[in-house]
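Bear in mind that the values in this text are calculations on the coordinates, not laboratory data. Please read all numbers here as calculations on a predicted model, not as lab measurements. Here the Cβ is made from the backbone with ideal geometry for all residues, glycine too, and neighbour counts use every protein chain on show.
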Amino acid sequence: MGSNRRQFLRIAGITTLLGLGGGITLSASSYKPQSDPAQENEKRLRAGRWGMVIDMRKFPKDPEERQRVFDRIIEACHSTNNVPEGEAKPIQEVKWIWKDHFEHVFPGKENPFLAERVEQSEFLLLCNHCKNPPCVRVCPTQATYKREDGIVQMDFHRCIGCRYCMAGCPYGSRSFNFCDPGPYVKDKNPDFPVRMRGVVEKCLFCYQRLEEGKQPACVEASNGALIFGDLDDPDSHIRQVLRENYTVRRKVDLGTEPSVFYIV
Amino acid sequence: MLEKALKGSKTYWVWIIFLLAVMGAGSIFYIIQLQKGLTVTGMGRDVSWGFYIAQFTYFVGVAASAVMLVLPLYLHNQKKFEKMVTLGEFMAVAAVVICMGFVVVDLGQPQRMLNMIFHPTLNSMLFYDMIVLSGYLLLNIIIAWNNLHAEYQRRPHPHWLKPLIYLSIVWAVSIHTVTAYLIQGLPARHLWLTAIMAPRFLASAFCSGPAILIILALIAKKFTRYDPGKEAIRILAQIVTYAMVTNVFLFLCELFTAYYSNIPGHEHILTYFFTGLHGANALVGWAWVMAAAAILSLVILVPSRFRNHPDMLLVGLVLLILATWIDKGLLLIVGGFIPNPMGTITEYAPTGYELMISAMVYATGLLILTILWKVAIGVKKEIGEA
Ligand code: SF4
Ligand code: SF4
């Protein structure tokens with residue numbers, strides 16, 4: 001019986017070793033939990049649930065000028081957050097905030113007789129920081145999680161790169177670092193980490209700037225076209241804007257409850 | 001008992017060395033992938049899972065080889081499966097190892113994969129999939145090895161295994177169900193968001209797993225003269241046929257729902273498969289080969305006259321494996337990402353890296369299968385079951 005058990009263990013061992021390769025061996029030692037950056041300080045902006053309104057009326061009417069403003073906003077985000085640009089393979093590009101046409105931003109809401117100003121314009125897209133985020137639901141490691149203030153946060157040191165969250169997000173808001181992003185980050189911002197290869201990333205509502213009492217970089221660069229604030233506070237500016245204007249959100253029928261609103 | 005794997009004919013050793021060579025060659029590509037990242041694959045931000053995960057889903061199905069023997073043998077006392085059951089269980093072991101291998105090579109940060117255990121996340125289907133797959137692996141190793149060892153010592157099968165065997169039947173259903181749940185609960189992935197995804201996984205598994213088992217058993221018979229029994233193969237072929245009919249029926253249900261309802265989200269991907277959409281048509285050829293192979297396999301397998309003819313059976317099974325492999329190992333996963341959430345199409349094709357690394361995983365599974373079967377058949381021949 002003793003030899004039976006030994007042989008059994010041996011075969012179980014061989015199978016496991018062959019099957020899993022060396023993959024798991026280093027795991028335990030290389031894991032370092034990320035310290036919670038949300039330290040107490042007075043300047044810090046707080047909210048029950050952060051949200052954003054994208055007021056399309058406030059962007060310039062002229063299409064070219066409008067593009068320029070969009071690009072300025074995108075540039076503000078990407079340089080603040082060390083988002084790589086110009087990767088070798090375009091299908092593997094990383095983006096946090098970008099622009100696209102109405103029928104792609106609101107698929108299913110287009111019609112053949114769309115108002116010209118809507119049809120011809122592009123819109124800004126970013127992570128919606130959903131109230132019921134499917135990306136958080138599916139992540140097997142809680143590397144993506146929802147903070148108290150509604151921001152859907154990423155722990156880049158915990159993510160195993162399974163990309164389940166990318167399959168889960170109904171908005172295409174997530175990017176995977178297929179290669180090392182370092183070489184593609186121009187003018188590195190030393191105050192924010194550059195991610196490593198093999199992890200997923202996305203817009204984090206500039207949580208690090210909120211920490212310092214500043215608005216997100218895109219909001220600051222938008223001349224008031226992007227309104228950022230506390231959706232839970234009925235007296236906040238964003239709630240006032242939402243009260244006074246008709247707004248839409250992307251794919252509400254999926255029950256994700258996006259926190260990004262559009263005034264078309 | 002394990003020493004049986006160390007004594008073999010020349011053919012056996014040539015085969016082993018061949019598998020080791022494939023593993024070696026593939027691991028060079030894997031090392032490069034580890035260094036450069038998954039950028040060496042054809043995946044991107046739109047099609048973010050590809051060939052690896054598709055092979056994973058297919059081999060979860062192949063692992064069903066065991067249960068289709070265990071169930072009739074232990075619940076319906078079909079003694080004819082006795083000689084084959086160990087082979088089925090060992091094949092399940094190899095299949096699950098292949099599954100795990102494909103998940104690992106798909107990870108961006110494989111050295112962190114134990115984070116799934118350090119931070120168990122009860123709302124993630126991947127967590128449950130990890131549990132059911134490793135459980136199924138263990139169950140099959142324990143059951144098959146101990147039964148075989150008892151036979152080796154010419155003792156009756158240990159009683160304490162009985163509850164584990166019954167558990168393994170239920171457990172087999174769970175691996176397909178949970179793997180289907182992995183994808184069927186995601187909003188906005190139209191191809192996957194269907195309640196019959198899990199039933200489709202089961203049907204596809206119960207035909208493709210035993211079909212591969214029959215073919216491998218026939219190959220083994222040729223090389224080792226170990227006969228798993230005509231009756232066993234005949235009944236198993238019948239089971240395969242019923243499962244394939246169900247599998248095709250469920251697929252047709254999907255077609256009906258999509259096209260009769262005329263809802264674009266449901267139609268798009270199927271149209272993309274069969275005729276191409278907006279000029280993108282990379283998978284059209286594959287889709288039609290799948291359809292043709294599926295229909296032909298049924299034409300051969302349904303009439304018992306053809307099915308009971310050894311050569312015809314072989315052709316039917318090969319067609320069936322081809323059809324189910326294209327369905328699950330190629331179209332199903334990629335199709336979930338087309339069109340992308342913006343309604344545009346990015347096509348996908350695996351790169352040479354993906355194929356070589358996949359070959360490495362396949363060869364690993366085949367090596368395990370060869371060794372386990374060598375031991376099993378060696379023991380069975382020694383005790384005179386052959
Ligand atoms: S938009 Fe996507 S990534 Fe952002 S919170 Fe919602 S589901 Fe998650
Ligand atoms: S890729 Fe990272 S964040 Fe996304 S689901 Fe996997 S572990 Fe979670």
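Numbers for the structure displayed
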read-out: Extension gain (nm, one decimal) between B:Val14 and B:Asp311, 0.36 nm per residue minus Cα-Cα; value: 104.2 nm
read-out: Helix-only mean residue ellipticity at 222 nm for chain B, each DSSP H run of n ≥ 4 adding -39500 (n - 2.57), per residue, nearest 500; value: -24000 deg cm²/dmol
read-out: Sequence-separation-based contact order of chain B, relative, with Cα cut under 8 Å and 6+ spacing, percent; value: 31 percent
read-out: Candidates B:Trp160, B:Trp325, B:Trp192, ranked by Gaussian network fluctuation over chain B, Cα under 10 Å, top entry; value: B:Trp160
read-out: Rg(Cα)/(2.2 N^0.38 Å) for chain B, N = residue count; value: 0.99
read-out: Environment charge at A:Cys165 (Cβ cut-off 10 Å; Lys +1, Arg +1, Asp -1, Glu -1); value: +4
read-out: Chain lengthening between B:Ala349 and B:Ala280 when straightened (0.36 nm per residue, less Cα-Cα); value: 23.6 nm
read-out: Estimated inter-spin distance, B:Lys381 and B:Leu218, nm [label 7 Å along Cα→Cβ]; value: 2.1 nm
read-out: Residues whose placed amide H lies under 5 Å from that of A:Thr144, excluding near-sequence neighbours; value: A:Asp155
read-out: Over the protein assembly as shown, equivalent-ellipsoid semi-axes from the Cα gyration tensor in Å; value: 51, 27, 21
read-out: Within the range B:241-274: backbone nitrogen closer than 18 Å to the B:Leu75 label point (7 Å, Cα to C-beta); value: B:241-244, B:246-247
read-out: Kyte-Doolittle at least -1.0, axis length at least 27 Å by Cα - qualifying DSSP helices, chain B; value: B:10-36, B:82-106, B:125-152, B:161-184, B:197-224, B:230-261, B:352-382
read-out: Whole-Hz ³J(HN,Hα) from phi, Karplus 6.51 cos²θ - 1.76 cosθ + 1.60, for the range A:253-260, glycine and proline x; value: 5, 8, x, 7, 6, x, 9, 10
read-out: Local net charge near B:Tyr52, Cβ-Cβ under 9 Å (Lys/Arg +1, Asp/Glu -1); value: -2
read-out: Residues with amide H under 5 Å from that of A:Cys130, placed H, sequence gap 5 or more; value: A:Ser259
read-out: Peptide ranges A:166-172, B:31-37 listed from the most packed, as the mean C-beta count within 10 angstrom indicates; value: A:166-172, B:31-37
read-out: Among B:342-352, B:44-54, B:253-263, the order from most to least packed when residues are scored by Cβ within 10 Å on average; value: B:44-54, B:342-352, B:253-263
read-out: P(r) tail fraction, the range B:1-85 - alpha-carbon pairs more than 16 Å apart, %; value: 75 percent
read-out: Calculated FRET efficiency for the pair B:Ile32/A:Phe192, C-beta based, R₀ 45 Å, to 0.05; value: 0.90
